[in-house]
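The structure appears right after this line, and notes come after that.
The values are calculated or read from the model by the stated rules, or taken from the named source; none is laboratory data. In this text, all values refer to a predicted model and were calculated from it rather than measured experimentally. A quick note on method: Cβ atoms are made from the backbone with ideal geometry, for glycine too, and the neighbour counts reach across all protein chains shown. What goes into the accessible areas is simple: the full protein's heavy atoms, side chains included, and nothing from ligands, DNA or RNA. Shrake-Rupley method; radii C 1.70, N 1.55, O 1.52, S 1.80 Å.
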Amino acid sequence: MDRHRPVPISAAIHRRRRLHDIYAAALVGVLAWTGASVAQAPADNSAPGAPLQSPVEIRYGADGISKGTLRPAMSAVSVGGQPYRALVFNGDYDAPLIRTRPGGTVAITLDNQMDEKTNLHFHGMTVTPLDSGDSIFREVGPHEKGLYRFKLPPDHSPGAYWYHSHFHGGAQRQVESGIAGPILVDGILDPFPELKGIRERVLVLRNFQKTFTGKLASEIVTSAPSIRTVNGQADPVIDIQPGETQLWHLMNISANQYFRIRITGQNVQILSRDGNTVTKPVMADELLIGPSARFSILVVGAAAGDHAVELAAGNTGAAGDQYKGARIATTRVAGAPVATRRITSPYPASEDLATVRVAHVRQFAFQDSATDGDAFLINGERFDPRRVNTTVKLGDVEEWRLYNPSQELHQFHIHQTDFQVVAINDKPVPFSGYRDTVFIPARGSITLRIPFRDPVMLGKFVYHCHILEHEDGGMMQVVQVVRPEDYAQAVKLAPLGGIYGDNQTCAYLRNSGRAFTLPADVQLPAEGP
């Protein structure tokens, strides 16, 4: 495909997706986000698959270091029980789970055995973006090794996160193939001793495009027939006893697809969104899990028998994607009834940022190009890693108003910090906790309050649409967080990459002769393989 050939917007719309009415799509998205009911998936009378398998884990020891190796390579794998050749970690489509804890250290060697470059992003984690920490500007070349080593702050929020390829222009293809995996930060149940010992499950949601050749697709089309899996399995069986309470971590690590999930005839309790524990009881009969989003939920065993976990049909707008519904898993309720565990402790408190004075109000338009069907823009510009678009003072809380004039959903994500959704289409949203990713309604808007307070985030990182087709197409920008005393100079240097330079080594500060002292809770990683 010629990515530079102008394409009329009508042709671009029809070439990428042929879908339903945009306003209905936006309404479905808003209703699903707030927990309201939408259409169910069609019935599936086929037999369920094998029992759910847990991912292999990279765990921490007494030293608190989660140390392991990820080897991306083209491999023969099973995707939902079907043979394929794809780019995956360690020869398995079900990538390893990295388990860590607040205050712990992650030390991952990326041993790139592919014939193409790659890198790693640790999605949602509030850790350093410098050097061999969570820097998406760093790349590991073909058949090279790189060490990613960083320390989590001691107050890091527990819950579900994930890691994935994030090099510009190749993220969609590699993530769709399998260059992604789950992370758990332990401690999510600590505020609720009444839930101690309940069974905890990781459910990794993925979407893999089918091909006639049995190989990874050369061009990703989200609306194409695909294999939707949980932990790499097709329709696995999840065992639970009647009345039993389980904690499920649902992680959408697909490149582009939204998952609308419900358990037949059953509500669930949301405990956490994107690794952020909610501040009050939140019940839902359906979850809209956008690309990169995570929900940790409490599930209670219903009456004995099999109960479908349904993936409802998806529609992201007239210029977006559509995909059929299906049964994605089956809960098998069997055995002796047990007493249901319920939360009786107070929920952890979080600050309602809607009441906080903001330092800046910024506006961003997430746009589909009117002339190029493969181009996606923020405020009329495509991504340029050589410049900084937004400079923020450490300690500030800002209000960002995100507008979507296009005819499809866009999925906003910012690295290194979380945010609070305060309004959707100018309608206030009651406070129940923070997130790190959320959709912007088609032909609509969303208003966020973002705290840039934690000194661990000093550095340069990005915000973007997490539909990776859109990210690779240019819907991404660079933000630098600097000390207040460096703000004026950082703004001047923004067109040249800001004060942190191209290689994340604080070139301006070093060349100016100023000493650069990291805060005590920021650990710069050791270099080397």
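Things to note:
- Gyration tensor analysis over the Cα atoms of segment 258-312 returns equivalent ellipsoid semi-axes of 20, 15, 8 Å (largest first, whole Å).
- The translational diffusion coefficient of segment 320-424, from Stokes-Einstein at 37 °C and 0.692 mPa s with a Kirkwood hydrodynamic radius over alpha carbon pairs, comes to 173 µm²/s.
- The slack between F212 and R401, meaning 0.36 nm per residue of separation minus the straight C-alpha distance, is 63.7 nm.
- Whole-Hz couplings from phi, Karplus 6.51/-1.76/1.60, listed for segment 438-452; x for Gly and Pro: 7, 7, 9, x, 4, 6, x, 8, 9, 10, 10, 10, 10, x, 9
- Matching label, Rg and Dmax of the Cα atoms in Å computed from the structure shown, candidates [x] 22.0, 70; [y] 24.7, 77; [z] 28.4, 102: [x]
- Coupling constants for segment 365-374 follow from the phi torsions by the Karplus curve (6.51 cos²θ - 1.76 cosθ + 1.60, θ = phi - 60°), and in residue order they are 9, 9, 10, 7, 5, 7, 10, 10, x, 9 Hz; glycine and proline get x.
- Average projected area [Cα convex hull, segment 216-370], square nanometres: 12.9
- Between the C-alpha center of segment 127-141 and that of segment 388-458 there is a gap of 23 Å.
- Segment E219..N379, full-extension length gain: 54.9 nm, with 0.36 nm per residue of separation and the alpha-carbon distance subtracted.
- Over the C-alpha atoms of segment 140-216, the Rg to Rh ratio, Rh being the Kirkwood estimate, stands at 1.08.
- Here the mean projected area of the convex hull built on the C-alpha positions of segment 90-162 is 5.0 nm².
- Rg and Dmax of segment 130-271, both derived from C-alpha coordinates alone, stand at 18.1, 51 Å.
- Lysine pair count for the chain [Cα-Cα under 20 Å; pairs on different chains or 8 or more apart]: 10
- Förster radius 25 Å - calculated FRET efficiency between A365 and R386 (Cβ-Cβ, nearest 0.05): 0.70
- With a Förster radius of 25 Å applied to the C-beta separation of A488 and V356, the computed FRET efficiency comes to 0.55.
- Protein accessible area in the chain, 1.4 Å probe - carbon and sulfur %: 52
- Across segment 87-96, computed HN-Hα scalar couplings (Karplus, 6.51 cos²θ - 1.76 cosθ + 1.60, θ = phi - 60°) run 7, 9, 8, 6, x, 9, 5, 8, 5, x Hz from first to last residue, x flagging Gly and Pro.
- Rounded to the nearest 20 debye, the dipole size of the chain about its Cα centre is 160 debye, using +1 on the Cβ of Lys and Arg and -1 on the Cβ of Asp and Glu.
- Computed lengthening from K427 to D63, 0.36 nm per intervening residue step minus Cα-Cα distance: 126.3 nm
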